[in-house]
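> Let me give you the structure first, and then I'll get to my questions.
Values in this text are rule-based calculations from the coordinates and carry no lab data. Quick caveat: nothing in here was measured; it's all calculated off a predicted structure. Because the Cβ atoms are built from the backbone with ideal geometry, glycine has one as well, and the counts that use them run over all protein chains shown.
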Amino acid sequence: MSEASKSLNFLEHIIEDDLKKGFPKDQLRFRFPPEPNGYLHIGHASSICLNFGLGLRYDSPVNLRFDDTNPVKEEQEFVDAIKRDVRWLGYEWDTERYASDYFQQLYDWAVILIKKGKAYVDSQSSEEMAAQKGTPTEPGMHSPYRERSVEENMALFEAMKRGEFEEGTHVLRAKIDMGSSNMLMRDPIMYRILHKAHHRTSTDWCIYPMYDWTHGESDYIEQVSHSFCTLEFAMHRELYDWFLDQVYDDKKVRPKQREFARRNLSHTVVSKRKLLKLVEGGVVNGWDDPRMPTISGLRRRGYTPESIRNFANTIGIAKRDNLIDVSLLEFHVREHLNKIAPRVMGVLDSVKIVISNYPEGEEEWLEAENNPEDPAAGTRLVPFSREIYIERNDFREEANRKFFRLKLGGEVRLKNAYIIKAESCSKDADGNITEIQCTYDPKSKSGSGTEESLRKVKGTLHWVSIKHALEAEVRIYDRLFLDESPDTHKDKDFMEFINPDSLKVIKGYLEPSLKNAKIEDRVQFQRLGYFCVDPDSTSEKLVFNRTVTLRDTWAKIQQKS
RNA sequence: UGGCCUAUGGUGUAAUUGGCAACACAGCUGGUUUUGGUCCAGUCGUUCUAGGUUCGAGUCCUAGUAGGCCAACCA
């Protein structure tokens, strides 16, 4: 969809209104502000697409700013992973920033607040302060240290900075209103003492600013015009504005915080704590496990950046609670892969067919279309011979008219090859079919143009020549949770809803053209789904991940009966 | 008991700002097809409730109801 024809979401309306009121378009500026303490997931993708999409729409710079004010949890590893994921999604930031770049400026401003009597050092324990904080329905009480003199506050704050105190002994608090109905305005903490090395500033600082004091001022320093965050920060806006008022120069752009509802995807969880539990509990094999809703997991699963961007644009941005069905994400990856993924044949649950009237030892290479959606993709050759594999569930000894696959006495088209007829089958002692004996019509070769080749047969099957088949490991992934919203049940833990069959590892037989498939190559196994080559692949052993099945109306028909 | 936010098909978002409720997904019916894929056509709504303003209300007003968020030296 072109940007011009797309309807506007409420944040775009806010920007349009600002523009209409005279805000200069060339001063529009956005930012994506992750905390480097974990991996990006599908929820972040929405925010990334929102902010960077706005940048593209208005031709405005977008900063990537790491909100790194807590050295206890933050690491360089996450910075690198986040940058890689944002790039992979297809976005370029204007400048790479760190809240830690502003520590000195923030400190200088804090000194100004102290001197104006708007901040003070509190020397109580966190328990004492919590007790004085009040509740949502009762006002708080003043700290006994609230009326310290400017001189005393300055001396204490400077000593905090010099590292003369233990962690937890003092904090710097903004002096606002302990009676406010907004708990965040009840003298919020601006600085705490932390004797921890920071991933960028090392041991330069032993006091670290809190989120509220940092975020708005960072937006201001960067001259971000519109600062978009999720709804749980709505109450923070009053504080954001209060802090801004303390330093604001009206010749500069004043950042505007607005909040949107985070997007929830069905059949998954997204909180860092829960994701970590899945990783540490061994439920999945790491942060990039293809079942994880992380960007790196989706990448390994075979999702394309374009499909994720289209998904994000389709679900839009609003303020109400939501639960987006994962089938919408699956639709977008199918839509994209349908256009770009080469078609190949692979049999995942095989049963052997012997074509009794096909000469023993003979083989021929048949032409096959690489992608019916894209003629420019060309053709390839696939080998055919007397013994082939087909999918076990593509054969039944007897079946009704609705089953238009192979049955005894029935005919079926082998994709790109011949029409065959099932004559008989062999079984083992347990009654399992071990081999199907067929005959073929030599004149029915696909594309030969003969009358026989033009015959209409209802079913078409994919197949693989046994002699030429490539063996591969195929990982069949399904959704990780059976419940659409596993972590919103009051009396049940989300771990109770884990799908025990979210991964099946099987052996598949593939056509030989896949021999040189490279890691991250994406293909469609015809009639089965989209698959991609996993990084675990080696030259000896191919490993494929199933990204998503094809739409399967046959499965629906079967379910109904 | 306080404050803030939200309410439109099964799902997600729109509605030229007070003027024929639209788009996508999912579901269901058919058609096309050498993938039961793709593609095409059709189908699926008391805009949370009750009042009010108005020629006209999803949109404005009032009162309810329901859901979410708010008491970390986290972000």
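> Given the options A:G282, A:G316, name the one that is on the phi > 0 side of the Ramachandran plot, within 16 Å of RNA strand B (Cβ to nearest atom) and not acidic (D, E).
A:G316
> Moving on. In the range A:511-523, which residue that is over 18 Å from A:Y389 (Cα atoms) and within 14 Å of RNA strand B (Cβ to nearest atom) is surrounded by the most Cβ atoms within 10 Å (Cβ to Cβ)?
Looking at residues that are over 18 Å from A:Y389 (Cα atoms) and within 14 Å of RNA strand B (Cβ to nearest atom), I get A:V523.
> Of the conditions (1) within 12 Å of RNA strand B (Cβ to nearest atom); (2) under 25 Å from the mean Cα position of the chain (by Cα), A:P139 satisfies every one except a single condition; which number is it?
A:P139 satisfies all of (1) within 12 Å of RNA strand B (Cβ to nearest atom); (2) under 25 Å from the mean Cα position of the chain (by Cα) except (2).
> Given the criteria within 13 Å of RNA strand B (Cβ to nearest atom), of a type in the set (K, R), within 20 Å of A:R527 (Cα to Cα) and exposed (fewer than 15 other Cβ atoms within 10 Å of the Cβ), does A:K339 qualify?
yes
> If you scan the range A:431-455, which residues turn out to be within 17 Å of A:R396 (Cβ to Cβ) and surrounded by fewer than 13 Cβ atoms within 10 Å (Cβ to Cβ)?
A:G431, A:N432, A:T434
> Please verify whether A:D219 is among the charged types (D, E, K, R), in contact with a Phe, Trp or Tyr (Cβ under 9 Å, 6 or more places away or on another chain) and more than 11 Å from RNA strand B (Cβ to nearest atom), treating the condition exactly as stated.
So A:D219 passes the test.
> Have a look at A:L329, A:L298 and point out the one that is within 15 Å of the chain's Cα centre (by Cα) and within 9 Å of RNA strand B (Cβ to nearest atom).
Going through A:L329, A:L298 in turn, just one is within 15 Å of the chain's Cα centre (by Cα) and within 9 Å of RNA strand B (Cβ to nearest atom): A:L329.
> Within the range A:274-293, identify whether any single residue is in a helix (DSSP H, G or I), of a type in the set (K, R) and more than 16 Å from the chain's Cα centre (by Cα), and answer yes or no.
Yes, that holds for at least one residue.
> Is at least one residue of the range A:345-362 within 12 Å of RNA strand B (Cβ to nearest atom) and of a type in the set (F, W, Y)?
no
> How many of the residues in the range A:12-33 are assigned to a loop (DSSP other than H, G, I, E, B), touching a residue at least 60 places away in the same chain (Cβ under 8 Å) and over 30 Å from A:L278 (Cα atoms)?
Number satisfying all stated conditions: 3.
> Kindly indicate the residue of the range A:524-553 that is among the hydroxyl-bearing types (S, T, Y) and within 12 Å of A:R301 (Cβ to Cβ) and also farthest from RNA strand B (Cβ to nearest atom) among those meeting that condition.
In this case the residue turns out to be A:T547.
> Sort through A:I388, A:I419 and tell me the only one that's under 20 Å from A:D349 (Cα atoms) and within 15 Å of RNA strand B (Cβ to nearest atom).
A:I388
> What are the residue pairs meeting all of these: first residue in the range A:331-359, first residue under 22 Å from A:A312 (Cα atoms), second residue of a type in the set (A, V, I, L, M) and in a helix (DSSP H, G or I), Cβ atoms under 8 Å, and 6 or more apart or on different chains?
A:H332/A:I308
> If A:A417 satisfies every condition in (1) in contact (Cβ under 8 Å) with a residue 24 or more places away in the chain; (2) out of contact with any helix residue (DSSP H, G or I) (no Cβ under 9 Å at 6 or more places or on another chain); (3) within 18 Å of A:V382 (Cβ to Cβ) but one, which is the exception?
Going through the list (1) in contact (Cβ under 8 Å) with a residue 24 or more places away in the chain; (2) out of contact with any helix residue (DSSP H, G or I) (no Cβ under 9 Å at 6 or more places or on another chain); (3) within 18 Å of A:V382 (Cβ to Cβ), A:A417 breaks only (2).
> Test of understanding: among A:L503, A:L542, A:L480, which residue is closer than 27 Å to A:E367 by Cα, hydrophobic (A, V, I, L, M, F, W, C) and surrounded by 16 or more Cβ atoms within 10 Å (Cβ to Cβ)?
A:L542
> Six or more apart or on different chains, Cβ atoms under 6 Å: show the pairs whose first residue is in the range A:520-548 and hydroxyl-bearing (S, T, Y) and whose second is within 13 Å of RNA strand B (Cβ to nearest atom) and part of a loop (DSSP other than H, G, I, E, B).
As it stands, the answer is A:Y530/A:A341, since those pairs meet every condition given.
> Another question, if that's okay. Could you tell me whether any residue of the range A:490-510 is touching a residue at least 40 places away in the same chain (Cβ under 8 Å), over 30 Å from A:T379 (Cα atoms) and within 16 Å of RNA strand B (Cβ to nearest atom)?
Scanning the range A:490-510, I find at least one residue that is touching a residue at least 40 places away in the same chain (Cβ under 8 Å), over 30 Å from A:T379 (Cα atoms) and within 16 Å of RNA strand B (Cβ to nearest atom), so the answer is yes.
> If we keep just the residues of the range A:199-238 that are more than 28 Å from the chain's Cα centre (by Cα) and assigned to a strand (DSSP E or B), which is surrounded by the most Cβ atoms within 10 Å (Cβ to Cβ)?
Per the stated criteria, the residue is A:P209.
> Output the number of the condition that A:P359 fails; it satisfies all remaining conditions of (1) surrounded by fewer than 20 Cβ atoms within 10 Å (Cβ to Cβ); (2) within 22 Å of A:A472 (Cα to Cα).
The failed condition is (2).
> Considering (1) within 14 Å of RNA strand B (Cβ to nearest atom); (2) within 19 Å of the chain's Cα centre (by Cα); (3) polar (S, T, N, Q), say which one A:N70 fails and leave the rest.
Unmet for A:N70, out of (1) within 14 Å of RNA strand B (Cβ to nearest atom); (2) within 19 Å of the chain's Cα centre (by Cα); (3) polar (S, T, N, Q): (2).
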